[in-house]
Amino acid sequence: GDARLDHFFRASCAQLPVAVSRRGCIDGSIWQYNLEWLRDQSIIALALTLIGATGPATTVFDRLLRQFVTPEGDTLDSSEKRNPADVELDQNGLLLCTLKDYVLWTGNVDLVRRHWAKVAAAAEFPLQKVFRHPSGLLMNCREFWERSRMHGIEPGAEMIYQCYVAHGLAAGAVLARLTGHEAEAVR
């Protein structure tokens, strides 16, 4: 009922689905450098879900789980695997959060069942000792705006990594329950 919001919604419904290839690729950069971030792709897949374009959303999530999450649960950023000091830990949590919302919106639990090993690995990955500060917080040398050691960033605790990993673990517990992995949900 709001003209501006309705306009943005209609524009999203018309434009977002056509930005996704049949294989689930999305080059949304104004610089056209043909690199992809799991974080950005997850948000786009959730947006596709919410506008009713569940086919393309499923394709994007399927591709992310197949190609952008390693068997160890590391997530690619700028289409690359990074060393632990430069991993963007928020991506793991964001994937789990958007995937949970996708499943709850569509009822497509089969996507998570098919990729359960990658989903569980994505939840576990940030909990490795290499990322743990003695306080229990997560740490590395890369902050949210992608500054790193070469910018003078020293090992520290980035707030967004704490938030999205925590939310991701809660989302992962929901996905575990929905797919019959009760022990992992409790953990």
Original post:
Where in region 25-94 are there chymotrypsin sites (Phe, Trp or Tyr not before Pro) that are in a DSSP coil and have at most 16 other Cβ atoms within 10 angstrom of their Cβ?
Top reply: 31, 33
**OP:** Starting with the highest mean, order 43-53, 8-18 by the number of other Cβ atoms within 10 Å, averaged over the residues of each peptide.
**Re:** 43-53, 8-18
**OP:** Enumerate the calculated ³J(HN,Hα) couplings along region 138-151 in order (Karplus 6.51 cos²θ - 1.76 cosθ + 1.60, θ = phi - 60°), each rounded to whole Hz, writing x wherever the residue is Gly or Pro.
**Re:** 8, 8, 6, 10, 10, 9, 4, 7, 6, 6, 9, 3, 5, 9
Original post:
Which loop chymotrypsin sites (Phe, Trp or Tyr not before Pro) in region 86-172, with loop taken from DSSP, have no more than 10 other Cβ atoms within 10 angstrom of their Cβ?
Top reply: 145
**OP:** With the Cα gyration tensor of region 57-187 in hand, give its eigenvalues times 5 under a square root as the equivalent ellipsoid semi-axes, listed largest first in whole angstrom.
**Re:** 26, 16, 12
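Quick note: the coordinates plus some simple rules give every number you see, no bench work behind them. Bear in mind the structure is a predicted one, so any value in this text is a computation, not a measurement. For neighbour counting, all protein chains shown are included, and Cβ atoms are generated from backbone atoms with ideal geometry for every residue, glycine included.
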